[in-house]
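Below is one structure, written out as structure tokens, with a few remarks after it.
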Amino acid sequence: AAGVIQSPRHLIKEKRETATLKCYPIPRHDTVYWYQQGPGQDPQFLISFYEKMQSDKGSIPDRFSAQQFSDYHSELNMSSLELGDSALYFCASSIRPRGRETQYFGPGTRLLVL
Amino acid sequence: KQEVTQIPAALSVPEGENLVLNCSFTDSAIYNLQWFRQDPGKGLTSLLLIQSSQREQTSGRLNASLDKSSGRSTLYIAASQPGDSATYLCAVIRQGGSEKLVFGKGTKLTVNP
């Protein structure tokens with residue numbers, strides 16, 4: 001079965017650079033979620049989109065922005081990177097109605113900021 | 001603010017043992033609760049999802065229970081195997097509009113051959 005695809009899987013950036021993470025949800029899934037998991041930490045919700053509109057927002061820094069496109073894939077743009085942004089970034093997808101279906105997680109993008 | 005706590009933080013058992021992982025949450029107004037498995041440096045694999053109206057879910061050797069009123073869930077693993085070694089996270093979605101999963105910090109399970 002098709003799963004959530006994230007690219008790139010690994011990314012190394014310097015401080016103050018910009019990074020773009022991509023997420024391709026499971027076919028027919030209309031909702032995408034982004035989570036950040038710091039080293040040894042639990043995943044923290046960043047933002048979600050339903051039908052290309054932002055549906056919920058968590059502790060996402062102002063330096064980050066995201067959007068969902070017409071083909072339902074999503075991109076997380078991160079600017080002015082800081083050392084503390086080093087983390088595993090997960091994308092998850094689900095299909096409405098909200099909460100009745102499991103959020104399926106991708107393998108994550110490991111970002112290292114030097 | 002919803003807080004999710006998992007006890008113990010780490011657990012080491014011999015192969016074949018039955019075990020229970022615990023999860024508690026402070027706000028009982030949840031929509032559902034999920035148990036996930038995470039291997040080191042890997043993604044999250046959903047194991048079981050329990051809707052707020054349900055009491056338990058079973059999948060193979062796994063059984064998850066939910067007591068919403070007391071804010072507790074348990075994940076029971078029968079006849080543990082070395083391949084079960086991983087970190088197990090529970091997460092809840094709160095009622096009332098937010099879709100975010102609020103995670104516990106997980107229990108790191110090691111099953112020794």
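Every number here is computed from the coordinates shown, using simple stated rules; none is lab data. Just so we're clear, the structure is a prediction, and the values are computed from it rather than from any experiment. Glycine also receives a Cβ, built like all others from the backbone with ideal geometry; neighbour counts cover every protein chain displayed.
Neighbour counts of C-beta atoms inside 10 Å place A:His73, A:His10 in the sequence A:His10, A:His73, starting with the fewest. Sites listed here are chymotrypsin sites (Phe, Trp or Tyr not before Pro) in segment A:21-114 whose DSSP assignment is loop and whose Cβ has at most 15 other Cβ atoms within 10 Å: A:Phe69. FRET efficiency for the A:Glu75 to B:Lys1 pair, using the beta carbon distance and R₀ = 35 Å, is estimated at 0.75. By other beta-carbon atoms within 10 Å, ranking A:Met53, A:Met78 with the fewest at the front produces A:Met53, A:Met78.
3J(HN,Hα) couplings calculated from phi for segment A:5-17 with the Karplus curve 6.51 cos²θ - 1.76 cosθ + 1.60 (θ = phi - 60°) are, in sequence order, 10, 10, 9, x, 7, 9, 8, 10, 9, 8, 3, 6, 7 Hz; Gly and Pro show x. Taking 16 Å as the cut-off, the amide N atoms of segment B:87-113 that come nearer than this to a point 7 Å along the Cα-to-beta-carbon line of B:Ala10 belong to B:87-88, B:105-112. Among B:Val102, A:Val32, a tally of other beta-carbon atoms within 10 Å of each Cβ gives an order, fewest to most, of B:Val102, A:Val32.
The alpha carbon radius of gyration of the protein assembly as shown, expressed as a multiple of 2.2 N^0.38 Å, is 1.01. If you bin all the Cα-Cα distances of chain A at 5 Å, starting from zero, the percentages per bin are 2, 13, 24, 26, 19, 10, 4, 1, 0. Distance between the modelled labels on B:Glu56 and A:Ser59, one decimal in nanometres: 3.5 nm (7 Å Cα→Cβ projection).
Within straight-line reach of B:Lys108, meaning a Cα separation under 20 Å, sit the following lysines at least 8 residues removed in sequence or on another chain: B:Lys42. When the alpha carbon gyration tensor of chain B is reduced to an equivalent ellipsoid, its three semi-axes come out at 24, 14, 12 angstrom, largest first. Computed from phi, the 3J(HN,Hα) profile of segment B:32-43 under the Karplus parametrisation 6.51, -1.76, 1.60 (θ = phi - 60°) reads 7, 10, 10, 10, 10, 10, 10, 8, x, x, 10, x Hz, with x in place of Gly and Pro. The calculated FRET efficiency for the pair A:Thr18 and A:Arg96, based on their C-beta separation and a Förster distance of 22 Å, comes to about 0.10.
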